[in-house]
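Peer 1: Please find one structure pasted underneath; my questions will follow.
Where a number appears in this text, it was derived from the coordinates with a stated rule and is not lab data. For clarity, every value in this text was computed on a predicted model and none was experimentally measured. Cβ placement follows ideal geometry from the backbone for every residue including glycine, while neighbour counts extend to all protein chains displayed.
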Amino acid sequence: MFGIHDLTLFIVSGLLLNIMPGPDSLLIMTRSATQGWHAGSAAALGIGAGTMIHIIAAALGLSALLATSAAAFTAVKWIGAAYIVYVGIGMLRARLRAEADDAAAAEIAVRGAAQPLAYRKIFFQGFLTNVLNPKVALFFLAFVPQFISADSASKPLAFIVLGCIFNFNGMLWCNGLAVFTAFASARLKVKPLAALWLNRVTGGLFLALGLRLALAEQH
């Protein structure tokens with residue numbers, strides 16, 4: 001159908017790729033551990049929305065521009081890297097300010113380590129973290145066409161169908177990860193101080209991932 005072949009292999013490969021840890025998983029786990037599974041799911045839905053942008057762009061041929069134009073790739077790469085670094089710094093700065101207060105104020109800040117972030121903001125964090133990563137666009141451009149027949153009557157439609165299957169499976173995994181992380185945090189009774197350090201570690205990893213993306217080369 002639609003010129004798609006080896007669908008089972010595509011689904012299995014997609015699930016394995018989704019399970020691999022990355023900035024998306026880190027964001028979901030951090031939000032779930034600190035604010036509950038609703039927050040983690042908000043991040044997951046944002047990531048899914050960003051993935052759909054990449055899927056549609058690749059189906060329309062826009063992602064080919066990133067693969068062939070060094071200038072376009074570099075521009076998107078730096079914007080994406082800057083945003084990921086910005087998110088990482090944001091996670092670190094709020095906690096560092098808490099340490100500068102006196103003991104009583106620091107205790108209050110630790111208990112609110114975190115003040116709940118609006119789900120809308122969490123959604124857009126997930127969305128921008130994903131959509132501003134040119135490596136995701138190039139991934140879809142390289143991976144999905146391998147499962148579309150050369151004589152397919154409508155390659156863009158086949159691409160979108162496969163992309164939606166990949167994204168649906170990814171959302172199952174991401175939302176499952178959100179629920180599992182929130183459940184594990186509740187069972188382990190993650191204390192405010194632990195949540196504070198989880199945010200710090202994630203912020204540091206986001207800084208590293210942002211720098212890694214900034215140094216990424218076009219392939």
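Peer 1: So how much slack lies between R120 and A75, counting 0.36 nm per residue of separation and subtracting their Cα-Cα distance, in nm? If you can, show how the numbers build up before the last one.
Peer 2: Numbers: separation 45, 0.36 × 45 = 16.20 nm, distance 2.64 nm.
So the extension gain works out to 13.6 nm.
Peer 1: Got a sec? Which residues in region 20-38 would a label at F183 touch, if it sits 7 Å along Cα→Cβ and we count backbone N under 18 Å?
Peer 2: Answer for region 20-38: 28-38.
Peer 1: Determine the sum of side-chain charges near A42: Lys and Arg each +1, Asp and Glu each -1, restricted to other residues whose C-beta is under 12 angstrom from that of A42. Working shown, then result.
Peer 2: Values: positive: R31, R120, K121; negative: none.
Neighbour charge sum, excluding A42 itself: +3.
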